[in-house]
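One structure is given below, encoded as structure tokens.
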Amino acid sequence: AMSAALGVAAAVCSGLANGSWNLPMKPDAPRSVYAGTVWAWENIWFVANVLIPIFNTALVLAVVGPSVLSEVFAEAEPRHLWAICVPSLAWGWGGVGLGQAIKR
């Protein structure tokens, strides 16, 4: 029962994060979080796409530890790593499209 509750909590947190990360780029966002008056969307998007992987990596390292993560990468076959990297790059280009959609 506890793992189900943790899963639901993780899904809710994930949904909130996924739905709000682009808030600083939206012109109709509250003035306290809208960064578009200072930066162009490209700059906001760039900062987000640099910081998000850093924070995610730090979180993963804090949860599983560096030794476990090193083992995972050491044991993974290159084709599996590419199977992660290629869709990730496509996801990044999708972020460019999202930024264009928000801008217009």
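The values are calculated or read from the model by the stated rules, or taken from the named source; none is laboratory data. Just so you know, these numbers come straight off a predicted model, no measurement behind them. Neighbour counts run over all protein chains shown; Cβ positions are idealised from the backbone, glycine included. Note: areas computed on protein heavy atoms with side chains; ligands, DNA, RNA excluded. Shrake-Rupley method; radii C 1.70, N 1.55, O 1.52, S 1.80 Å.
Going through the range 9-60 one residue at a time, which ones are more than 18 Å from the chain's Cα centre (by Cα) and either open to solvent by 90 Å² or more (accessible area, probe 1.4 Å) or of a type in the set (Phe, Trp, Tyr) (or both)?
ASP28, ARG31, SER32, TYR34, THR37, VAL38, TRP39
Are any residues in the range 71-104 within 30 Å of ASP28 (Cβ to Cβ), open to solvent by 80 Å² or more (accessible area, probe 1.4 Å) and either touching a residue at least 12 places away in the same chain (Cβ under 8 Å) or not in a helix (DSSP H, G or I) (or both), and if so, which ones?
Residues satisfying the conditions are LYS103, ARG104.
What pairs come out if I take residues in the range 10-39 that are touching a residue at least 12 places away in the same chain (Cβ under 8 Å) and farther than 17 Å from LEU98 by Cα and pair them with residues that are part of a helix (DSSP H, G or I) and of a type in the set (D, E, K, R) whose C-beta lies under 9 Å away, six or more apart or interchain?
none
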